[in-house]
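First the structure, in the form of structure tokens, and then the observations on it.
The values are calculated or read from the model by the stated rules, or taken from the named source; none is laboratory data. Keep in mind the model is a prediction, meaning the values are calculated, not measured. Note that we place each Cβ from the backbone using ideal geometry, even for glycine, and neighbour counts take in every protein chain shown. Please note that ligands, DNA and RNA were not included when accessible areas were found on the heavy atoms of the full protein model with its side chains. Shrake-Rupley method; radii C 1.70, N 1.55, O 1.52, S 1.80 Å.
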Amino acid sequence: MGMGFLDTLPAPLTARSRRFFSVWHGWRGDRLLPERRDIDHAALGELAETCLLLNVRGHDDILVEWVGRTVTDQIGVNLTGCNYLDLTSKANRSWRAHLTMAQMAQPCSVAIYYFLRLGSGGMLPIEFVTGPLREDGASAATLILCCASGLLPTDEAPAVDPDSYEEGEGLVFIDIGAGVPPMNPAQRQDARTLQ
């Protein structure tokens with residue numbers, strides 16, 4: 001098969017994100033996508049503390065199924081049960097839905113960066129990476145396991161400004177073996193239905 005998936009990851013990823021991809025890749029074995037039953041919190045180890053699982057139930061319905069404790073502690077709100085789309089601005093909502101549906105239609109991973117404003121006035125850059133999964137026995141991807149990694153150590157008070165995670169920057173699609181959607185994710189376009 002030549003170069004493996006882990007060898008083709010974009011260069012600037014943090015070691016922590018690479019560890020996440022290594023665990024996710026191990027779950028899928030020789031399949032394109034791992035299944036829900038493959039999710040192993042023990043294998044994720046401390047990464048699980050900054051993970052969240054999204055269940056993409058429809059274009060306007062993306063349920064946050066579970067959230068790691070560190071995420072909740074950092075932003076001061078437990079997002080479990082929220083619609084992921086409610087976490088973005090109204091102006092960005094349809095674009096975020098479009099990007100998410102594109103990731104499911106042609107399953108791929110992504111890396112994106114958020115610059116969280118802390119209560120102290122400081123800034124915490126976050127690298128956010130994803131691994132798509134499918135329900136047990138299903139053929140299509142409908143689940144996204146996300147892992148956030150701080151790019152700087154922080155011992156500051158959390159109290160993140162919610163506006164600072166409404167939109168990320170520098171999103172890139174990562175090919176997991178099915179190609180990537182035919183669009184530039186960093187350049188907002190009119191949302192078109194993907195076949």
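Numbers at a glance
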item: Extension gain from His59 to Phe115, taking 0.36 nm per residue of separation minus the Cα-Cα distance; result: 17.6 nm
item: Förster radius 22 Å - calculated FRET efficiency between Ala42 and Ser139 (Cβ-Cβ, nearest 0.05); result: 0.20
item: Euclidean distance of C-alpha centroids, the range 57-82 and the range 1-42, integer Å; result: 22
item: Peptide ranges 97-108, 21-32 listed from the most packed, as the mean C-beta count within 10 angstrom indicates; result: 97-108, 21-32
item: Probe 1.4 Å - accessible area at Arg16, Å² to nearest ten; result: 50
item: Pairwise FRET efficiency - Asp30 versus Asn83, Cβ, R0 = 22 Å, nearest 0.05; result: 0.05
item: Rounded to whole Å, sorted largest first: equivalent-ellipsoid semi-axes of the range 11-50, Cα gyration tensor; result: 18, 14, 6
item: Rounded to the nearest 10 Å², the accessible area of Glu49 at probe 1.4 Å; result: 60
